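Okay, structure first, notes after.
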Amino acid sequence: MNTEIKILRLDPSERDYSEQIFRLYLFEGWAREGDDSSKITAALKNSRAAFGAFDGEKMVGFFRALSDGVSDAYLLDLIVDPQYRGRGIASALVKSVLDYLKAEKIEWIVCVSTPAAEGVYKKFGGQMMAGHVPMRFV
C-alpha cells in the first residue's frame, strides 16, 4: 500500500464503476450480497459529480453530489475502504467534490453526516445548522 492514491472524477459514460462502488457499499452495510448493483450506474448518471479514490485500478474511496446545477447541492455516499482509512482519502474526496461544486458557483451545499464523518466535514467549514433536523420520508 505504498502507492499513490489518485482522486479522479468519475464519468459513467466512459466506464462502469458499479461493481467497485458496490464493493465499498458492502463495507458500510449500504448494500448486501445479491443486491442489484446496476442501480449504482443509474445513480451515478443522475449525480452532478462523483469522485473515486484509486490505488492503481482499485477504487478505495467514493463520494458524490446531487444538484440542480444552479444553487443547491446535497453530498452523499462518502466511503473509504477500511484498509485505507486514516490516510486522508476522505478529506481528499470531500475537497474534490466541494471544489467542483464551488467552481460551478453552487453555494448552498449540505449533507447529513454520520458521527464518523462529521470531523472530515468540519475541516472544510461544515457545521450543524442550529434548529434544523434531517428528516426521512418513508
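Test Ala42 against the criterion of being free of Cβ contacts under 8 Å to residues at least 12 places away in the same chain, within 24 Å of Asp99 (Cα to Cα) and of a type outside the set (D, E, K, R), and give yes or no. Spell out how you get there, then give the answer.
Values: free of Cβ contacts under 8 Å to residues at least 12 places away in the same chain: yes; within 24 Å of Asp99 (Cα to Cα): yes; of a type outside the set (D, E, K, R): yes.
It is true that Ala42 is free of Cβ contacts under 8 Å to residues at least 12 places away in the same chain, within 24 Å of Asp99 (Cα to Cα) and of a type outside the set (D, E, K, R).
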Residue by residue through the stretch 23-43, note down the ones that are surrounded by fewer than 20 Cβ atoms within 10 Å (Cβ to Cβ) and within 25 Å of Val110 (Cα to Cα).
Tyr25, Leu26, Phe27, Glu28, Gly29, Trp30, Ala31, Lys39, Thr41, Ala42, Ala43
Can you list residue pairs whose Cβ atoms sit under 8 Å apart, with the first residue in the stretch 1-30 being closer than 20 Å to Ala90 by Cβ and touching a residue at least 12 places away in the same chain (Cβ under 8 Å) and the second being of a type in the set (S, T, N, Q) and in a loop (DSSP other than H, G, I, E, B)? Count only pairs 6 or more apart in sequence or on different chains.
Ile21/Ser37; Phe22/Ser37
Go through the stretch 31-57 and count every residue that is among the hydrophobic types (A, V, I, L, M, F, W, C) and more than 18 Å from Ser91 (Cα to Cα).
5
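Each value in this text was obtained by applying a stated rule to the coordinates, not by laboratory testing. Just so it is clear, the model here is predicted, and its values are computed rather than measured. For neighbour counting, all protein chains shown are included, and Cβ atoms are generated from backbone atoms with ideal geometry for every residue, glycine included.
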